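A quick write-up on the structure given underneath.
The values are calculated or read from the model by the stated rules, or taken from the named source; none is laboratory data. It should be emphasised that the depicted structure is a prediction, and the values quoted were computed from it without experimental measurement. Because the Cβ atoms are built from the backbone with ideal geometry, glycine has one as well, and the counts that use them run over all protein chains shown. Calculation scope for accessible area: heavy atoms of the full protein, side chains included, ligands and nucleic acids excluded. Shrake-Rupley method; radii C 1.70, N 1.55, O 1.52, S 1.80 Å.
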Amino acid sequence: MYWPGKVPLKTMGDSKLHLWHPFTQENGGPPAPTIFRGEGVFLETRDGRKILDAISSWWVNLHGHSHPAIAAAIGEQAARLEHVLFAGFSHEPAEELATRLSKIVPPPLRHIFFSDDGSTAVEVALKMAVQYWSNCGRPEKRRIVALEHAYHGDTSAAMSVSDDSPFTAPFSPLRIPVLRTHSAYCAHCPVGLTRATCRIECLHQLETLLAEHGHEIAAVIVEPLLQGAGGMIVHPEEFLSGVRRLTAAHDVLLIADEVLTGFGRTGKMFACERAGVVPDFMCVAKGLTGGSLPLAATLTTDRVHETFTGSDPGRAFFHGHSYTANPIACAAANATMRIFDSEPVFQRIAAIESVHESRLPAFASHPSVADVRHIGTVAAIELKVSDAGYLSSLRPKLYEFYLSRGVLLRPLGNVVYLLPPYVITPEQLHFVYDTIQDSLTLAAN
Ligand SMILES: Cc1ncc(COP(=O)(O)O)c(C=O)c1O
């Protein structure tokens, strides 16, 4: 018989039996290393084994693990105010963060709604977009357009706008129908052209869709310039600016999901900046707290916000989470943003990009490589396999090979990508590239 007082204190070995890891084959893969501490680019086990985190722990870490300034901000805030509900209350860390964000995003995006993670930031944008049209007296505009190869998260609406994949296959009954249009996946051009001579003809499908269905479409959602989980697919800037032009022309809102691309990953603070695009919604999460705590935000414009104002309670946005704008997470985010001013972050980003530029050409000409691409701090090497896709049989072999060399890389099927914390040194990055170079023999077999 078990009751709380009688449950024996678990040993470390016992407690592992209870853990169910995300995106992980239960009892199928190698045992998960137990990480005890982190510093800079390194994760460390209790017995001192170091692993170089070349993917920023699922794309969240910016300035290195356990950054002292972020840790101090978390400690101070936790000792002062750990949490207060955000409905009807406010607090200084959220107010400071809203001001900081409003200074780095395109100025029209001055209304900031906090939530918990990338998926909830996307849910919020989708719900706001649909309610916006309802508040405008046009409830028929409620359909969403999303791209092929998209990934926007794992909650129901976020999973719906994500493209069909092994991630979504079991959940089709939970997904809302979405209109799908081409992505600018130049290595596998959806309209059979080549980038050197094309005129972004892959946009024509969206143009037709908007012309035919614009009256019933609320929003188009994109991962600006870089589709992450779909295979680190880099789009031409003209694709993003074309999506903006078309959505504006057809009075359809544009949601830019900057959950991955935000905070410098693509070389600018936000990917939209590179293409000179101002969306109607921007979703941020991941790097917002420098990878220390969950926090997200959905930012939008006066045009959207003002339809939610007034005395009619039916116009309010009935959405929120227990930990909305958690003060400790906001303090961590403020410390993360301050580091952009106190440390040479964009110099580090440029140094990463120049290593990518120096190393990728040799991979491009390797017989096992189908394509290489990069943008800002992110680089990808797509390998030739007969079973391309996330479930490629090559993936687990590569993953284990890299870990055996002390490098954390988690290939997206046959796409090996680098997405390091900005504090990685050129030498460490070259070491990661050397390790990938050595792994190409696995691809050849
Ligand atoms: C572009 C994009 N949007 C949304 C998400 C979902 O974020 P989260 O895992 O924090 O829910 C991800 C996660 O990888 C992402 O890459």
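Output the number of residues of the range 55-83 satisfying the condition of being open to solvent by less than 10 Å² (accessible area, probe 1.4 Å) and within 16 Å of the ligand (Cβ to nearest atom).
Selection size over the range 55-83: 4.
Can you confirm whether the range 286-303 contains a residue that is in a helix (DSSP H, G or I) and farther than 30 Å from A79 by Cβ?
Yes: the range 286-303 contains one or more residues that are in a helix (DSSP H, G or I) and farther than 30 Å from A79 by Cβ.
Cβ-Cβ distance below 6 Å, separation of 6 or more or different chains: which pairs start in the range 122-134 with a residue that is within 19 Å of E216 (Cβ to Cβ) and at pLDDT 95 or above and end on one that is aliphatic (A, V, I, L, M) and more than 12 Å from the ligand (Cβ to nearest atom)?
Listed pairs, sorted by first residue: A129/A218; A129/A219; A129/L253; V130/A218; Y132/V304; W133/A218.
Specify the residue that is farthest from the ligand (Cβ to nearest atom); the eligible residues are those in the range 304-328 that are assigned to a helix (DSSP H, G or I) and within 25 Å of the chain's Cα centre (by Cα).
Only one residue fits best here, namely H305.
So P166 passes all but one of these: (1) open to solvent by 10 Å² or more (accessible area, probe 1.4 Å); (2) outside any loop (DSSP other than H, G, I, E, B). Which condition number does it fail?
Result: P166 passes all but (2).
Given the structure, is F171 crowded, with 22+ Cβ neighbours inside 10 Å and within 16 Å of the ligand (Cβ to nearest atom)?
When the stated conditions are applied, F171 does not pass them.
Can you name the residue in the range 113-143 that is within 14 Å of the ligand (Cβ to nearest atom) and assigned to a loop (DSSP other than H, G, I, E, B) and is also farthest from P177 (Cα to Cα) among such residues?
D116
Regarding L203, is this residue touching a residue at least 40 places away in the same chain (Cβ under 8 Å) and of a type in the set (A, V, I, L, M)?
It is true that L203 is touching a residue at least 40 places away in the same chain (Cβ under 8 Å) and of a type in the set (A, V, I, L, M).
Please determine, by comparing only the residues of the range 84-112 that are in contact with a helix residue (DSSP H, G or I) (Cβ under 6 Å, 6 or more places away or on another chain) and not aliphatic (A, V, I, L, M), which one is most open to solvent (accessible area, probe 1.4 Å).
Here the residue is R110.
Can you name every residue in the range 275-292 that is touching a strand residue (DSSP E or B) at 6+ places or on another chain (Cβ under 8 Å) and either of a type in the set (S, T, Y) or more than 16 Å from S119 (Cβ to Cβ) (or both)?
Listed by number, the residues that qualify are V277, P279, D280, G291.
Assess whether P139 counts as being touching a helix residue (DSSP H, G or I) at 6+ places or on another chain (Cβ under 9 Å), surrounded by fewer than 16 Cβ atoms within 10 Å (Cβ to Cβ) and free of Cβ contacts under 8 Å to residues at least 24 places away in the same chain.
yes
Tell me, which residue of the range 140-172 that is β-branched (V, I, T) and farther than 23 Å from H235 by Cα is nearest to the chain's Cα centre (by Cα)?
Per the stated criteria, the residue is T155.
I need a count of the residues in the range 27-60 that are polar (S, T, N, Q) and in a helix (DSSP H, G or I).
The total comes to 2.
Restricting to the range 243-272, name every residue that is in a loop (DSSP other than H, G, I, E, B), out of contact with any Pro (no Cβ under 8 Å at 6 or more places or on another chain), more than 10 Å from the ligand (Cβ to nearest atom) and among the hydrophobic types (A, V, I, L, M, F, W, C).
V252, F263, M269
Name the residue, out of A150, A146, that is in contact with a Leu (Cβ under 9 Å, 6 or more places away or on another chain) and either within 27 Å of S311 (Cα to Cα) or within 16 Å of the ligand (Cβ to nearest atom) (or both).
None of the other options fit; the residue is A146.
Filter the range 175-201 down to the residues that are of a type in the set (A, V, I, L, M) and within 16 Å of the ligand (Cβ to nearest atom), then identify the one that is farthest from I217 (Cα to Cα).
A184
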